[in-house]
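Below is one structure, written out as structure tokens; comments come after it.
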Amino acid sequence: ILSLKYGEKETSRSNLICLLGAIIGIFLWWLLSSPIIALVAFTFSDFMGVIPTLKKSYLNPSEESLQSWFLSLTGSFLNLFAINAWLFSISFYPIYALTTNIMIVILLLRKKIMRVVYEQYITIINKN
């Protein structure tokens, strides 16, 4: 809801599909009485909300805050140490959150990573 006020004003078809998917996930979470199904439905709903961020991180990485996402990644990683029993119901969402944050940080750093790899490649070629 906050994204409607503070987010980008341009609404694409993919954003609307993700919003619909998130609403369906929230509805399933509310409708079903199984905690595991609710967890999966909630995570699906969350992922549908992350898709536009992944797209934006790929297309316009300079518009996302690397520091914020790196802090989120660090928090997600540290959260794994709080898991005392590696049950699906306990570990599913923290692993999902870590994976999502890793994907976003990699997308934000991909041009820098590719530049370093290219420079290393050129250095190796020039030595030979």
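Tallying residues that are open to solvent by 50 Å² or more (accessible area, probe 1.4 Å) and under 17 Å from LEU98 (Cα atoms) within the range 47-58 yields 2. Selection of the range 59-114 for residues being of a type in the set (Ser, Thr, Tyr), farther than 24 Å from ILE37 by Cβ and buried (at least 17 other Cβ atoms within 10 Å of the Cβ) yields only SER72. Pairs linking a residue in the range 65-80 that is closer than 13 Å to ILE104 by Cα to a residue that is part of a helix (DSSP H, G or I) and open to solvent by 100 Å² or more (accessible area, probe 1.4 Å), with Cβ atoms under 6 Å and 6 or more positions apart or on different chains, do not occur.
Of all the listed residues (SER91, SER57, SER14), the sole one being free of Cβ contacts under 8 Å to residues at least 40 places away in the same chain and hydroxyl-bearing (Ser, Thr, Tyr) is SER91. Counting only helices (runs of 4 or more DSSP H) wholly contained in the range 10-128, no element carries 2 or more residues that are of a type in the set (Asp, Glu).
The one condition from (1) of a type in the set (S, T, N, Q); (2) over 13 Å from the mean Cα position of the chain (by Cα); (3) under 30 Å from THR11 (Cα atoms) that SER89 does not meet is (3).
A quick yes/no check of all residues on (1) at pLDDT below 80; (2) not polar (S, T, N, Q):
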site: LYS9; (1), (2): yes, yes
site: LEU19; (1), (2): yes, yes
site: SER34; (1), (2): yes, no
site: GLN67; (1), (2): no, no
site: SER72; (1), (2): no, no
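The values are calculated or read from the model by the stated rules, or taken from the named source; none is laboratory data. Computed from a prediction, not measured in an experiment: that's the story for all the values here. Note that each Cβ is placed from the backbone with ideal geometry, even for glycine, and that neighbours are counted across all protein chains shown. Remember, those area values only see protein heavy atoms, side chains included, never the ligands or the DNA or RNA. Shrake-Rupley method; radii C 1.70, N 1.55, O 1.52, S 1.80 Å.
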